[in-house]
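The values are calculated or read from the model by the stated rules, or taken from the named source; none is laboratory data. Bear in mind the structure is a predicted one, so any value in this text is a computation, not a measurement. Backbone-built Cβ (ideal geometry, glycine too); neighbour counts: all protein chains shown.
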């Protein structure tokens, strides 16, 4: 499957559903492009910002994530 044929993805926290997640990684400076390049991502370094703690990120298709974030939460439905 060509890269352009693959669906776009994002990573979320399975506890709160936020995409404000971070992973511990190793980066190396590339003097030719003047950029940092990720060389390794550590398997146990995931953190969720809203949960303010460790998590294990899950991969989700971007289209599905957008649908989830556009739906009103149960709390908002009960107030209507």
If you go through the range 59-68 one residue at a time, do you hit one that is assigned to a loop (DSSP other than H, G, I, E, B), modelled with pLDDT of 85 or more, closer than 17 Å to residue 14 by Cβ and within 15 Å of the chain's Cα centre (by Cα)?
-> no
Could you count how many residues in the range 1-58 are out of contact with any strand residue (DSSP E or B) (no Cβ under 8 Å at 6 or more places or on another chain), exposed (fewer than 13 other Cβ atoms within 10 Å of the Cβ) and part of a loop (DSSP other than H, G, I, E, B)?
-> 8
